[in-house]
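Take a look at the structure below.
The values are calculated or read from the model by the stated rules, or taken from the named source; none is laboratory data. These figures come from a predicted structure and were not determined experimentally. Please note: Cβ atoms are built from the backbone with ideal geometry, for glycine as well, and neighbour counts cover all protein chains shown. Ligands, DNA and RNA are excluded from the accessible area calculation, which covers all protein heavy atoms including side chains. Shrake-Rupley method; radii C 1.70, N 1.55, O 1.52, S 1.80 Å.
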Amino acid sequence: MSQPSPNPIQVLLICGGGSSEHEVSLRTADFIEKQLQGIGDITLTRVEMDGNGRLTDRDGGVHYLSQQRQLVGEDGSGWDVHYVIPSIHGYPGETGDLQSQLELFGIPYFGCGPEASKVCFNKITTKLWLSALGIDNTPYQFLCSNDGEETAKATMALQEWGAVFVKASSQGSSVGCFKVTEEEQMAEALEQAFALSPYVLVEKCLKVRELEVAAYTYEGELVITPPGEVCAPEDTFYSYEEKYAEGSRARTFVEAEGLSEAQLGWIHEASKRAFTGLQLEDLSRIDFFLTANGDIYLNEVNTFPGMTPISMFPKMLANAGHDFSHYLSSLIREAVNG
């Protein structure tokens, strides 16, 4: 534990957000807070954001972030903010909205910028970008409304592929994702997905191995870990509950077994191309599908991966021999001190 600094870096940890992923965001914030405890030149203040954007501290005090780069309380007192950690899964943390505000205020922050966040949070724009970058991704149909010709495309996709996933385009962590195997299920799945997003993705359901890499900047260098693997139970897919629930039956392996050098090389190069081409910053988790016949598809890019006790990102970072506390504190010092 380092000695306190007379002029510490004032870091604001914003968690919650009020979306369907609010509680998971708090658990990620718990992990981050623990990683920064006892670092002498960093002072951390934690506030929780509700669905209206209101910030409250642990004592219930209400605050707002000002253009003067201060956290201002109800009594008008201000506290300088040198750096922000937006620990918010879903809106507004992964959508680029909070990052846009921080950019306007000139406050450096942890993670990807507004444009990269917005692109990657939308499953359809992600696929368009991946195709533009020459990275294979799963076959899909894109629907812009829940009527007529658009829903017919979904039915035709089901008839052709046998099973599909219906996904709200702008939701994270498998929220708004429904597996459809019968035509009778399609209308309800589309209705639920469109209730969450104005655009919906209908994606071919494949029997795959689910692989993940952590891609992050460590001491100025891009690190791409060997892929880990998530094994969901046979009777389900890797749903929101399987990702985060305490009783999750999913099994995770920090390094996937049985991959060829060619497969490892393709995943590494695709991850590097995605990280660079999408202009990601600081961190991401990049997910892949490996089919039984050896096809590999990049499934999604997560610009702020979960950091709960069962999350893959911190496990893969540690497996690469890197210390999370050093990783995060170094990014903070570099952003604030140059």
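Residues in the stretch 199-209 that are within 17 Å of Ala152 (Cα to Cα) and not charged (D, E, K, R): Tyr199, Val200, Leu201, Val202. Candidates in the stretch 101-124 are the residues that are over 17 Å from the mean Cα position of the chain (by Cα) and open to solvent by 10 Å² or more (accessible area, probe 1.4 Å); of these, the one that is farthest from Lys34 (Cα to Cα) is Leu104. Note on the stretch 124-139: residues that are closer than 18 Å to Val208 by Cβ and part of a loop (DSSP other than H, G, I, E, B) total 5.
Here the stretch 21-64 is the region considered, the condition is being touching a Ser or Thr at 6+ places or on another chain (Cβ under 6 Å) and open to solvent by 60 Å² or more (accessible area, probe 1.4 Å), and the residue that is nearest to Tyr327 (Cα to Cα) is Arg27. The residues of the stretch 285-328 that are of a type in the set (Gly, Ala, Ser) and either open to solvent by 30 Å² or more (accessible area, probe 1.4 Å) or at positive phi (or both), listed by number, are Ala292, Gly294, Ala318, Ala320, Gly321. When Gly258, Gly247 are checked against the criterion of being open to solvent by less than 90 Å² (accessible area, probe 1.4 Å) and either within 22 Å of Asn319 (Cα to Cα) or modelled with pLDDT of 95 or more (or both), a single residue qualifies: Gly258.
Please count how many residues of the stretch 70-99 are surrounded by 20 or more Cβ atoms within 10 Å (Cβ to Cβ), in contact with a helix residue (DSSP H, G or I) (Cβ under 8 Å, 6 or more places away or on another chain) and part of a loop (DSSP other than H, G, I, E, B).
Number of matching residues: 9.
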